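Participant: Here it is, the structure in full.
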Amino acid sequence: MATHTLKGCGVLQVRKQLADEGKNHADFSLPTLVSRHRRPLRVGKIMAMPAALALSPEILAKYQPVIGLEVHVQLLTKTKAFCGCRNEYGGEPNTHCCPVCLGLPGALPVLNKQAVEFAVLAAKAIGCEIRETSIFSRKNYFYPDSPKGYQISQFDKPIAEHGEIIVPDASGAPKRIGVTRLHLEEDAGKSLHDGFADSASRTYIDLNRCGTPLVEIVSEPDLRTPDEAFEYLTKLKEILLYTAVSDCNMEEGSLRCDANVSVMLKGAKEFGTKAEVKNVNSFRYIRAALEYEIERQIGVLEDGGRVVQESRLWNNAEGRTFSMRSKEQAHDYRYFPEPDLPPLVVGAEWQKQILAAMPELPEARRARLAAEFGLSAQDAATLTTDRALGDRFEQAAKASKSPKRVAAILLSEITMRLRAAEIDLDHSPVSMDGIVLAADLAEAGEISSKQLKQLLDTCFTEGRDFAFVYDRDKPQQISDSSAIEKMIDEVIAANPAQVAQFKAGKRTVAAFFVGQVMKLSKGQANPALLNELVVKKLDA
Ligand SMILES: [Zn+2]
């Protein structure tokens with residue numbers, strides 16, 4: 001939680017001491033709401049801790065895990081889903097609110113057109129079919145950070161269904177994971193449990209997030225391992241970032257994931273009882289939480305017990321999940337069509353307009369870059385994980401005589417130095433133009449790879465671009481053939497065994513001579529000329 005959201009004075013308070021007194025909402029009055037919910041983490045912490053799990057591989061191998069994921073993604077609209085309040089992260093608590101998102105009586109929602117367009121774009125990007133007429137429904141439940149007492153969501157007629165995401169399975173082969181549905185809904189506000197002087201007795205409420213447009217993307221229970229779940233989330237995030245409908249910033253909660261997980265004996269027909277793991281804020285932690293949860297459930301079954309359908313929280317510090325609510329299942333949300341919103345109709349013409357903004361998606365771009373610029377599959381994949389990086393590469397590749405060399409310098413030399421200096425590409429001292437210049441000089445043989453490395457080192461040490469450093473420190477290069485020939489003669493005379501190998505047909509030995517002469521010239525021999533002359537001399 002950002003500190004500035006904790007300092008504000010306009011925060012609604014929830015009196016925790018009244019928790020669980022069974023008050024109904026008729027007793028509540030703003031600004032003091034009464035929470036009927038205990039702090040979930042506290043509940044977890046006082047539970048008996050299970051013994052450390054260590055099941056044998058033989059026992060684990062008897063069971064088949066089944067995983068389904070529900071991902072909530074905040075849309076990057078300028079305003080909220082049903083009102084004109086600004087849709088942005090943070091801000092002084094309770095300042096981005098109005099009667100509509102506060103759920104005050106008589107206030108009416110008006111659907112944000114941009115949210116619909118983003119939902120359609122995201123849905124099509126993951127292969128969903130768009131339902132021309134979808135219906136908003138009320139999902140009724142009370143929570144202190146959701147003052148209306150219900151959430152506007154979509155229930156039996158969501159805007160999109162039947163999508164898919166392709167992930168690599170354990171062997172690297174493509175595996176189809178079904179997407180059941182994508183629907184539009186609104187986010188709730190936030191309960192602030194920590195950070196105030198009286199946090200031990202009170203929970204504070206910030207409603208700025210209330211009414212933020214979300215899409216919820218629900219997968220089929222097609223995932224079988226925590227690694228597949230990790231790959232699914234990675235692909236989904238990558239695709240969503242390409243469509244630019246969300247920033248998918250997990251730290252700020254723009255992308256949140258709940259995982260449903262169960263285990264069954266291999267070969268069984270029916271899925272086991274599932275638990276829902278909530279509140280995990282990174283893909284790595286989700287993988288860890290699933291690994292833990294699968295082993296926990298197998299342990300329960302092996303001990304003759306029964307897995308309970310419940311929500312569980314991942315505690316990263318302890319590396320385990322904890323029961324959050326148990327017997328509170330079988331929610332009855334009493335869904336009914338939202339009477340304040342008409343059916344949402346996205347006809348063929350509107351769909352066409354929306355889809356005109358569909359960018360080339362990562363997989364397609366990967367294949368095209370590999371074909372167009374002769375890149376390896378690995379390089380093409382790395383360059384397209386991020387749309388902006390892909391754009392920059394393509395621009396540079398088109399400006400250079402050697403796109404392959406641009407990729408190589410960017411992915412190895414530059415990336416390595418950025419990592420060492422702990423800066424990102426946006427703050428690299430070497431611009432993309434600098435990379436193009438470096439690639440072209442290297443390709444033309446005007447600088448050796450050793451000189452390239454030295455020049456780049458200087459760029460990073462001094463924080464200057466490549467063109468400047470190259471102009472100033474232009475390496476002394478020996479391009480005088482007779483001087484190079486003299487050095488080649490010297491190396492040939494000193495290495496008769498390698499000469500014999502070359503003469504016997506092992507032509508790759510030429511590289512050895514190039515290396516030796518380069519060393520002798522202190523890296524200053526013109527590499528193109530050197531290569532040519534070495535072969536000529538050896539053939540003579
Ligand atoms: Zn509002």
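The values are calculated or read from the model by the stated rules, or taken from the named source; none is laboratory data. All values reported here derive from a predicted model rather than from experimental measurement. Neighbour counts are summed over all protein chains in view; Cβ atoms, including those assigned to glycine, are modelled from backbone coordinates with ideal geometry. Side chains included, ligands, DNA and RNA excluded: accessible areas come from the protein's heavy atoms. Shrake-Rupley method; radii C 1.70, N 1.55, O 1.52, S 1.80 Å.
Participant: Across the range 164-306, what fraction of all alpha-carbon pairs, as a whole percent, falls in each successive 10 Å bin from zero upward?
Facilitator: Cα pair-distance distribution for the range 164-306, in percent: 10, 32, 32, 19, 6, 0.
Participant: Which of rounded, prolate, oblate describes the range 148-192, given a ≥ b ≥ c as roots of the alpha-carbon gyration tensor eigenvalues and a/c under 1.5 marking rounded, otherwise prolate only if a/b is larger than b/c?
Facilitator: Because a/c hits 1.5 or more and a/b fails to exceed b/c, the range 148-192 counts as oblate.
Participant: If one takes the longest principal axis of the Cα atoms in the chain, at what angle in degrees, from 0 to 90 and to the nearest 10, does the Cα axis of helix 527-539 lie?
Facilitator: So the helix axis and the longest Cα principal axis differ by about 50 degrees.
Participant: Given 4 °C and 1.567 mPa s, how large is the Stokes-Einstein diffusion coefficient of the range 260-333 in µm²/s, with Rh as the Kirkwood radius over Cα pairs?
Facilitator: 100 µm²/s
Participant: I need the shape label for the range 293-384. Rule: rounded when a/c is under 1.5, else prolate if a/b > b/c, else oblate, with a, b, c from the alpha carbon gyration tensor.
Facilitator: Cα axes put the range 293-384 in the oblate bin.
Participant: Please compute the length gained on full extension between Ser481 and Ala200, using 0.36 nm multiplied by the number of residues separating them and subtracting their Cα-Cα distance.
Facilitator: Residue separation times 0.36 nm, minus the Cα-Cα distance, leaves 93.0 nm.
Participant: Compute from the Cα atoms of the chain the Rg and the Dmax, the latter being the longest Cα-Cα distance, and quote both in angstrom.
Facilitator: 30.4, 101
Participant: If r is the Cβ-Cβ distance from Asn249 to Cys98 and R0 is 41 Å, what FRET efficiency results, to the nearest 0.05?
Facilitator: Given R0 = 41 Å and the Cβ-Cβ separation, E is 0.95.
Participant: Given +1 on the Cβ of Lys and Arg, -1 on the Cβ of Asp and Glu, and no further charges, what dipole in debye does the range 427-540 carry about its Cα centre, rounded to the nearest 20?
Facilitator: 560 debye
Participant: Something else now. Relative to the Cα centre, what is the charge dipole magnitude of the chain, using +1 at the beta carbon of each Lys and Arg, -1 at the beta carbon of each Asp and Glu, and rounding to the nearest 20 debye?
Facilitator: Result for the chain is approximately 600 debye, rounded to the nearest 20.
Participant: Under 1.5 on a/c is rounded, so check that first for the range 390-478, then, if it is not, pick prolate when a/b is larger than b/c and oblate when it is not; a ≥ b ≥ c are the square roots of the alpha carbon gyration tensor eigenvalues.
Facilitator: oblate
Participant: Follow-up question, since we're still on this one. Please go through the residue pairs Lys404/Lys486; Lys450/Lys486; Lys113/Lys190; Lys175/Lys274; Lys235/Lys274 and name each one whose alpha carbons sit more than 31 Å apart in this structure.
Facilitator: Violating the 31 Å Cα-Cα cut-off are Lys404/Lys486.
Participant: Would you work out what percent of the accessible area of the range 88-186, with all protein chains in place, is carbon or sulfur (probe 1.4 Å)?
Facilitator: Here carbon and sulfur together make up 53 percent of the probe-accessible area.
Participant: Give me the distance in nm between label points sitting 7 Å out from Cα along the Cα-to-Cβ direction at Phe336 and Phe468, one decimal.
Facilitator: 6.9 nm
Participant: Could you name the lysines whose alpha carbon sits less than 19 Å from that of Lys503, not counting residues in the same chain fewer than 8 places away?
Facilitator: Answer for Lys503, where 19 Å is the Cα cut-off: Lys536, Lys537, listed by chain and number.
Participant: In nm, to one decimal, how far is the Leu55 label point from the Ala494 one, both placed 7 Å along Cα→Cβ?
Facilitator: Roughly 6.4 nm, to one decimal.
Participant: For n ≥ 4 DSSP H runs only, could you compute -39500 (n - 2.57) per run for the chain, divide by its residues and tell me the 222 nm figure to the nearest 500?
Facilitator: That calculation yields -11000 deg cm²/dmol at 222 nm.
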